[in-house]
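The structure appears right after this line, and notes come after that.
Every number here is computed from the coordinates shown, using simple stated rules; none is lab data. Keep in mind that what you see is a predicted model, and the values were worked out from it rather than measured. Note that we place each Cβ from the backbone using ideal geometry, even for glycine, and neighbour counts take in every protein chain shown.
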Amino acid sequence: MSTATEPEPARPWRPEDGPRPTVWTWPRTDRPALWVRSHGAERYAPILALQEWADGTLYYQVEIDPHGDRRVGMRLYRWPQPGLRMACVSRSRPARGVDESWQGAMPHRTA
C-alpha cells in the first residue's frame, strides 16, 4: 500500500471569500496538465483554468479520472500541495477569461 499523500480538493470560490478570483485559461488543444495522486496512482489531469484568489492563493481547476475508471470530473486544487506536480506546460500564453476561438467550432444559432 502506498503512503503517498493525496491532495485535498478545494471548495469553489464564494462571495464571502472576497473579490472574484482572476481566472486564466489556455487553448483547449494546448492545455498544461498536472499529475494528481488519487486512489494510489498518479492521474493525468489537464488544467481547465488557473484561479488567483484575492489573497494571492492559486487554485488549479482540472479534469480528472480520480478512480481510473474513465469517469472524468472536475476538481479544484490549491497549489502547491503534496500529491500534485506539473505534468506538462503549455506553449501558449494563458488568457483571462475564455477565448472562444480557442474552443473549436461551435454551432451558431439562427433566429
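A few notes on this one:
- The eigenvalues of the Cα gyration tensor, multiplied by 5 and square-rooted, give the stretch 1-44 an equivalent ellipsoid with semi-axes of 27, 19, 6 Å from largest to smallest.
- When each of the peptides 49-56, 24-31 is scored by how many other beta carbons lie within 10 Å of its residues on average, the order from highest to lowest is 24-31, 49-56.
- Percent of C-alpha pairs per 5 Å bin, the stretch 15-98, short to long: 3, 15, 23, 25, 17, 11, 5, 0
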